[in-house]
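Below is one structure, written out as structure tokens; comments come after it.
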Amino acid sequence: MSTIVTEDVETIVATLRKEIGVLEGKTLLISGGSGFLGSHFLAVLARLNKTVFTKPCKVITLDNYVTGTRKNPLGDITDENFTFLKGDICAPLQVEGPVDYIIHMAGIASPVYYIKYPLETIHTATIGTENLLKLAREKKSKKFLFFSSSEIYGDPAPESVPTPETYKGNVSSIGPRACYDESKRLGETLCMVYHSLYKVPVVIVRPFNVYGPGMKQEDRRVIPQFLSCAFAGRPLPIHGSGLQTRSYCYITDALVGFFKTLVGKTGGEVYNIGSHEGETSLVNLANTIADVLDRKLKIAKIPYPAEYPSDEPNRRCPDITKARKELRYEPEVDLETGLRRMIAWFKDTYSPGAVKSVSKASAKTK
């Protein structure tokens, strides 16, 4: 594991040390545990077992690897208390022994992939979610954490940016993104119904554009794509005007927020987790990366490719007032600092030759 990742994990553990003790000796089931966010969960839990917990927590990860592999993007994370299972949460689930916490982050989040796998996207967020909710009810789990998405808001009205959890959304049920957006919305509904009918202690998080070490160089999302192109000496590709805005959240801030929702005492709640720093356009993001790299970078504005769904939100920025008040959540890493850490890890992880071999596919704002 790289120095950058080790430092990030230690930062997360140090920030959470006073409240994370409830996980000691418990069993956690994580769906989608081999992805970008799941890998960070595993790294943090392994560090807790090694340095904080007297009685280690046990972790069961479940992943079907439809868009990934067993190889961890952060490096080899080993812990004798971890069990890695290949399986599909859309099939009936049988797990022996207690399951104290369920973290449901399995899903197909990349627009390129959910256009390729629309039914799998829908089933994971609906059938898979209900299967895990049934398991939480059967096991009397202490918390069920569902990873939704900021995309459930669609393209918010200007007066609703920054967007609070109470915003009902501007989403098409039949549009090109509907398989992802609408299935996440239904997944949230299933969670709240199970909370209302069966008292399953669900909590929903809506992440906003999390980035950091562990993102693959061939990832079609904007920051790793920009870095791949920059290191390969190619222009940074931007769709449309480049004025689309996002609010980017570095991985340490995101993980602190996710763990706070997991160990918090409340159930039946929804929280935006992201950066309060404000919106950044694609053009400004490209310029910031150029400044951090201290080099001139060209920008190429290009049309949207056929494999990428149209109708993307023009603006995405969270109102995190609720998380601040109820979880004492406070992001600390500004965009430039986060990018410097991401770039340092990227350089260490990918050789110049490997970076140059990355597909010339264009960047996405997802």
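FYI, it's all coordinate maths here, none of it is from the lab. On a predicted model such as this, the values are computed, not experimentally measured, just so you know. Note that we place each Cβ from the backbone using ideal geometry, even for glycine, and neighbour counts take in every protein chain shown.
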Practice item. For the stretch 169-325, build the convex hull from the C-alpha positions and give me its volume per residue in Å³. Key: 135 Å³
Review point. Top mean-square fluctuation among LEU93, LEU45, LEU190, Gaussian network model of the chain, C-alpha springs under 10 Å?
Key: LEU93
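Provide the FRET efficiency to the nearest 0.05 for the SER2-LYS116 pair, computing r from the beta carbons and using R0 = 30 Å.
0.45
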**Study point:** Interchain or long-range residues, amide H under 5 Å from THR27's placed H
**Key:** LYS58, ASP100, TYR101
Check your understanding: How about the stretch 152-199: which trypsin sites (Lys or Arg not before Pro) there lie in a loop by DSSP and see at most 11 other Cβ atoms within 10 Å?
Key -> LYS168
Exercise for review: Please go through the stretch 93-144 and write out the trypsin sites (Lys or Arg not before Pro) that DSSP classes as loop and that have at most 14 other C-beta atoms within 10 Å.
Suggested key: LYS140
Practice item. As a check on your grasp of the helix formula, calculate [θ] at 222 nm for the chain: sum -39500 (n - 2.57) over DSSP H runs of n ≥ 4, divide by the residue count, round to the nearest 500. Key: -12500 deg cm²/dmol
Practice item. Please work out the Cα center distance from the stretch 206-278 to the stretch 28-96, rounded to the nearest Å. Key: 21 Å
Review point. Say we join alpha carbon atoms closer than 10 Å with springs in a Gaussian network model of the chain; which of SER148, SER275, SER110 then has the biggest fluctuation?
Key: SER110
Practice item. Could you grab the relative contact order for the stretch 63-157? Cα pairs under 8 Å, six or more apart, rounded to a whole percent. Key: 35 percent
Review point. What FRET efficiency comes out for the pair TYR198/TYR304, r = Cβ-Cβ distance, R0 = 56 Å, nearest 0.05?
Key: 0.85
Review point. P(r) for the chain: what percent of alpha-carbon pairs falls in each 20 Å bin, starting at zero?
Key: 30, 61, 8
Practice item. Quickly work out the ASN314-to-ALA14 label distance, labels modelled 7 Å from Cα along the C-beta direction, and quote it in nm with one decimal. Key: 4.3 nm
Exercise for review: Pull up all non-local amide H partners of ASP155: gap of 5 or more, or a different chain, and H-to-H distance under 5 Å with H placed in the peptide plane.
Suggested key: ASN170
Exercise for review: Take the alpha carbon atoms of the stretch 111-140, find their center, do the same for the stretch 178-197, and report the distance between the two centers in whole angstrom.
Suggested key: 10 Å
Exercise for review: Would you pull out the residues with amide H under 5 Å of ILE238's amide H, same chain only if 5 or more places away, H placed 1.01 Å from N?
Suggested key: ALA300, LYS301, ILE302
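Can you tell me the length gained on complete extension of the stretch GLU138 to ASP76, counting 0.36 nm per residue apart and subtracting the Cα distance?
Working: separation 62, 0.36 × 62 = 22.32 nm, distance 3.29 nm.
My answer for the length gained is 19.0 nm.
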